[in-house]
Structure formats: structure tokens, C-alpha cells
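Read-outs throughout are calculated quantities, based only on the coordinates presented, and are distinct from any laboratory measurement. This is a predicted model, so every value here is computed, not measured. Glycine gets a Cβ as well: all are built from the backbone with ideal geometry, and neighbour counts include every protein chain shown.
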Amino acid sequence: MIYKFENFSVTDNTQEIDRADLFLKTAQNNRYIKEQPQNILIPKELIAKLDLSDIQIIGVTGTNGKTTTSAAIYSLLNDLGLKSALQGTRGFFVDDELVAPKGHTTPSILETIVHMYEAKKRGASYFVMEVSSHAIAQQRIENLAFALKVFTNISQDHLDYHKSMQSYIATKSSFFADETLKLINKDDKNIEFNVKNARTYALETTATYQIVAYSLEGGISAVLQHGSEMVDFYSPLLGLFNLYNITAAIGAVHMLTNLPLEDIVQEVKHFGGVRGRMEIASTKPLVIVDFAHTPDGMQKVFESFPGKKIVALFGAGGDRDRSKRALMGNVASRFCTKIYLTADNPRSEDVMQIIDDIKKGITTNIPIIINPNRAEAIKEALDNLEEDEILLILGKGDEEYIEIDGEKIPYSDRETVEALMRSN
């Protein structure tokens, strides 16, 4: 694709070299360049040419929590009067306006630079972005000068691409190997990082930003310690994992701005979360829609409802890490009183084979209801939900499609629940 700026155009597509003023050479396209074009430049040079070196880039990576943590940082900065942009799973936003629709979690380096340019044009000083492990491995963030790098956590995911947990951890760790200012979840022991310019946050261990007391009843209430300073805050979000996300966001904004912590935490209550992440689709009965699609992510959601009778509805993505399916079934069987197994982007795989893979990990004697039609499965789950049960619909979050055999069929968990509740 050719991107047009005020005085010139740029492409990173070798098929379009002759149609643009400049060609951006990247780690992605280098192998396809047969002849070096005359008007060639690298990402660092394009950033300089567009005068983008003064925009502060915040990169957030981890298996779970990237989207919520990034959105929380973006929200806090904007609420503090510091105009910011956000690029990630949900699209590209500037000052609460959706500028570009959702695509890859981390797009090509050229698209990221285009978004940075648009952010600066609109007056943003901060550019918050989700950084996927694929983007790190494929160097889709080359030449970006991050003002801050944030780590959330690591658990099993994407092994279809990385092949092993060791490789996956090494890829994530490589993001934190330089001397850039960084904020690390100290409770996660998997990550390796350069200690120079590193700060930490934690709930269970001593850290730069440490939660010393908290309650998860009716949202999140917590006390945060930073050095000799103590501040308390409230968030309407649910779950222990969201306490980690919010703590990371507070620490990140404090490190970036050096504003008083008291001023920063006052804005936490205004962040209502992200669509499809612990989203309440119904209150009576309580129905939660969440993106959790890994064993660890699911466990964190289940642990957010201690003492509750949990009914879970989920599947697993096709053409992806098959080894995690039984682990997902296992964790659900340990926390739930009933499980509905259904479709979740089966892609080219047979839905029933995916469901069989999940079932292999279920070790407890609880009811398992199988219906490969996700909308029908949700209706059945709602129709049979008891007053003392809650329904957790996991895996798709705010996705608006189901992918089957290369076709993306329009579908939404939240809209399905809302339509069924209206018809009752």
C-alpha cells in the first residue's frame, strides 16, 4: 500500500516501488528486493524525515493484559490532559476517536509510522502500542525508540509459531534486553530483562510499585506503595488480573510524566475497561464475555469469582497451538460446575476434533454439553442457568466474526447474549 504524506509518498511493497516517491526498506521486505531502488530509506530515516522523534512511544507486551493495560495507560494520560494515541488489537485511536479499524495487534512498521504521524498531526504527545511476540520476532518494531517498555506476564500461547515455551519466552525477553526505561511485572518469574533503567510492579513481592492491600468486592480497591508514599485507588474493573493491569498503568504513567501519584490514581475510576475484556453482558443473570483463550488467561478469569458456581462456555481456535486445548479443558474442569464446549474460529479444522482435544483435559465429573453452534450453545446455557450460577463466555471477547474455512462470518458474543435476553 502507498501512503501519502504532505510532500511525498512511501510504500514498503516491492511491487509498488515505481509508483511511490520513496521505498521503505524493512526486515520484512528486504528479501524481496531484487534491485536496490534509488529513493530508498529505512524506518529510522522516515521517522526523522517526518519529525516524529519527539513523540513518546510506550510499548506493552505480554501473553495476557496487553490490551487492557495499553488502554488504561492511554485513558489515564488523556484524563490527565496529556493527549495520547493508542494502537493495538481494537484499532488505532487518538483522543478517544477511532481513526483506523482493528487489524493486526502490531501492524507493519510503515503503518505504525503512519499512525504516529497522524497522532502528532492531531496533537498527541504519547503513542501507546501493543507489541505482539510475532512483531518482535519479525522485527515489525525495528528502529522505534521506545520511551517506555511494559511487561505484563507470560504463559502458554502461540506455540504454533514459536514452537516451544523457551523460544516464546526468549522472544519476549529480547524486547527488554536493551537499556530502555522499562516496567516489569516482578511476580512473573519467566521474563529476563536488562536491569538498567528497570522498575517493577507487584502484588506478592517487594517492587517499585507495590500493592500492599486490596479488595476485589464490587470492583477493585487497593493501596499502592511507592517508596515512602502510599496512595489508594478504586477501579470498577473486576478480577485480580485487572489489578495487575491497573497497577502497571499507574506505574507507567508515573514514570512517563513524574506527576504526583495522588493525581494519577484519582483518574483510575474513570477507566471502565475494554469491550470484550471481563465485559458484563448481563447483570441478572450475571453473564461475562471475555477474550481469555489460554489456560492461564482462563484461570485468572475463574479466580475472579471465588465461591461462585461458574458455568463456562468456550472452544479453541483452529490451526493454532493444539497443545493448549487439553490444558484449557483441565483448568475449566477445576473451577466450573458445568462446561459448554463449542466453536471458536475453527478455521480449517473440524470443530468436533477441536472439542475432543479440549475434552481430553477434563478430569472432573461435571456436566459437559457439546454444541458446535456457538449462538445455540449460548442460548442453551442461558436457558439452563440457575439463579446461583454465573455464565462466563470465553475466547472471542469483542471479535465480530467466527472464522470458518477462510470465511469470516459476522457474529458477536455480546450481541448474541443481548438479543437472547431481550427475547426472554
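Brief remarks follow.
- Checked against a 23 Å cut-off, the cross-linked pairs Lys102/Lys309; Lys4/Lys120; Lys149/Lys186; Lys324/Lys359 give Cα-Cα distances beyond that limit for Lys102/Lys309.
- Semi-axis lengths, largest first, of the ellipsoid equivalent to the range 279-423 are 21, 19, 13 Å, with √(5λ) applied to each eigenvalue of the Cα gyration tensor.
- Each peptide in 99-111, 386-398, 25-37, 57-69 receives the mean, over its residues, of other Cβ atoms within 10 Å, and ordering these scores from highest gives 57-69, 386-398, 99-111, 25-37.
- Percent breakdown of C-alpha pair distances by 10 Å bin, ordered from the shortest bin, for the range 2-41: 33, 58, 8
- Estimated 222 nm signal from helices in the chain, with DSSP H stretches of n ≥ 4 weighted -39500 (n - 2.57), rounded to 500: -8500 deg cm²/dmol
- Computed over the chain, Cα set: Rg, Dmax in Å: 22.2, 70
- Here the peptides 367-376, 314-323 are ranked by packing, the mean other Cβ count within 10 Å, and the order with the highest first is 314-323, 367-376.
- Remark: the range 329-335, residue by residue, has Karplus-estimated 3J(HN,Hα) of x, 5, 5, 5, 5, 7, 10 Hz, where x stands for each Gly or Pro and the curve is 6.51 cos²θ - 1.76 cosθ + 1.60 at θ = phi - 60°.
- Taking one quarter of the surface of the convex hull spanned by the alpha-carbon atoms of the range 144-225 gives a direction-averaged projected area of 6.9 nm².
- Over the chain, relative contact order from alpha-carbon pairs under 8 Å, at least 6 apart, %: 12
- Most simply put, the chain has about 40% antiparallel DSSP beta bridges, counting only bridges with both residues inside it.
- Three principal axis extents of the range 49-270 based on alpha-carbon atoms, in descending order, are 45, 42, 32 Å.
- Each peptide in 115-128, 40-53, 244-257 receives the mean, over its residues, of other Cβ atoms within 10 Å, and ordering these scores from highest gives 244-257, 115-128, 40-53.
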